[in-house]
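Notes follow once the structure below has been shown.
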Amino acid sequence: MEVDFTRVVAENQSLVFSLALRFLRDRSAAEELAQDVFLQLYSQIRHIETPAHATWWLRRAICHRCIDEARKRKLRPRIGLEEVPEPSIESRQSDPFLYERVRCLVAKLAPNARMVVLLRYQEDLDPTEIAETLNMPVSTVKSHLHRSLALLRGKLEKQEVCG
Amino acid sequence: MNPEHELREALRREPAPEGFAARVLAQTRIPPIRVTPWWRRPATLALAAALLLTLMIPSEISNYRRREQQHGLEAKKQLMNALAITRVQLQQAQARVRRNTRHAL
């Protein structure tokens, strides 16, 4: 079965870009990395069997590239005005400042823990799928989730300022 | 406070920047720069051909000379044989003529 690359890009661009953006908190770096990952997929498109396989491949590739990038750059989270999303109709009823704080606290987690949290709460993957994507034991995934949640809960309750 | 709910809301997927897909697709249309390896470049091939000819011509000339020399020697041998045979035949004919002349006298 031949996979239509144009369709793969259209269907997965948000997934790939969002993971990179939430992980790196740098819009231009996220876009660059996302483009790289799509081009890498393009060069290997003949090995991709189905659109689901493409999604799985992209998710795995962007996760590993982001972790590598963070380790390489010893990235310190940066918050720019451009990173704060325009409040949507839905978010008018919720608290955009709270969500920005949550994203900032997530960005302060260690690279592996950060990616585990992103895959769990952005991509809605279960621990087994996360373990498979990140090549780590399920127990490690669960431990990252448990510790990260405890840490975030503590910081949110203490109203700790993130920055 | 339920951090799981806050996390789900805060980490919602964000749409890719406008024109992102178009930019990716545009990059896939750029033909990759093909670097011809040095051993397949025309100049290298021409040089290799010239070198091969330079090596082949003297050895071919020497082979040709050796063959011609051998042909010459064979021809010489055949000619010597033919001359020897002719000489013997002439001597025999001369002897026969002498004998007949003597009888006739």
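The values are calculated or read from the model by the stated rules, or taken from the named source; none is laboratory data. What you see is a predicted model; the values in this text were computed from it and never measured. Cβ atoms come from the backbone with ideal geometry, glycine included; neighbour counts cover every protein chain shown.
In this structure, is A:V37 at the interface with chain B (Cβ under 9 Å from one of its Cβ atoms), closer than 15 Å to B:A21 by Cβ and either not in a loop (DSSP other than H, G, I, E, B) or not hydrophobic (A, V, I, L, M, F, W, C) (or both)?
Here the answer is no, as A:V37 does not meet what is asked.
Does the range B:29-40 include one or more residues that are out of contact with any strand residue (DSSP E or B) (no Cβ under 6 Å at 6 or more places or on another chain), of a type in the set (K, R) and surrounded by 13 or more Cβ atoms within 10 Å (Cβ to Cβ)? Within the range B:29-40, none of the residues are out of contact with any strand residue (DSSP E or B) (no Cβ under 6 Å at 6 or more places or on another chain), of a type in the set (K, R) and surrounded by 13 or more Cβ atoms within 10 Å (Cβ to Cβ).
When A:A20 is tested against (1) within 14 Å of B:A16 (Cβ to Cβ); (2) facing chain B (nearest Cβ under 9 Å), only condition (2) is not met. For the range A:115-127, a residue qualifies if it is free of Cβ contacts under 8 Å to residues at least 12 places away in the same chain and either part of a helix (DSSP H, G or I) or hydroxyl-bearing (S, T, Y) (or both), and exactly one does: A:Y121.
Count of the range B:1-27 residues, restricted to those that are surrounded by 15 or more Cβ atoms within 10 Å (Cβ to Cβ) and either within 60 Å of the chain's Cα centre (by Cα) or not in a loop (DSSP other than H, G, I, E, B) (or both), is 13. Against the conditions (1) surrounded by 14 or more Cβ atoms within 10 Å (Cβ to Cβ); (2) in a helix (DSSP H, G or I); (3) at pLDDT 75 or above, A:H146 satisfies every one except (1).
Just one of B:L73, B:L90, B:L45 is more than 30 Å from A:F38 (Cα to Cα) and either under 17 Å from the mean Cα position of the chain (by Cα) or loosely packed, with under 10 Cβ neighbours inside 10 Å (or both); which is it? First the steps, then the outcome.
Numbers: B:L73 fails: either under 17 Å from the mean Cα position of the chain (by Cα) or loosely packed, with under 10 Cβ neighbours inside 10 Å (or both); B:L90 fails: either under 17 Å from the mean Cα position of the chain (by Cα) or loosely packed, with under 10 Cβ neighbours inside 10 Å (or both).
Exactly one residue qualifies, and that residue is B:L45.
Yes/no matrix, rows are residues, columns are (1) modelled with pLDDT of 90 or more; (2) of a type outside the set (D, E, K, R); (3) in a helix (DSSP H, G or I):
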position: A:L41; (1), (2), (3): yes, yes, yes
position: A:W57; (1), (2), (3): yes, yes, yes
position: A:I62; (1), (2), (3): yes, yes, yes
position: A:R65; (1), (2), (3): yes, no, yes
position: A:A70; (1), (2), (3): no, yes, yes
position: A:R78; (1), (2), (3): no, no, no
position: A:P87; (1), (2), (3): no, yes, no
position: A:E90; (1), (2), (3): no, no, yes
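Does at least one position in the range B:83-104 carry a residue that is assigned to a loop (DSSP other than H, G, I, E, B) and modelled with pLDDT under 90? No: the range B:83-104 contains no residue that is assigned to a loop (DSSP other than H, G, I, E, B) and modelled with pLDDT under 90.
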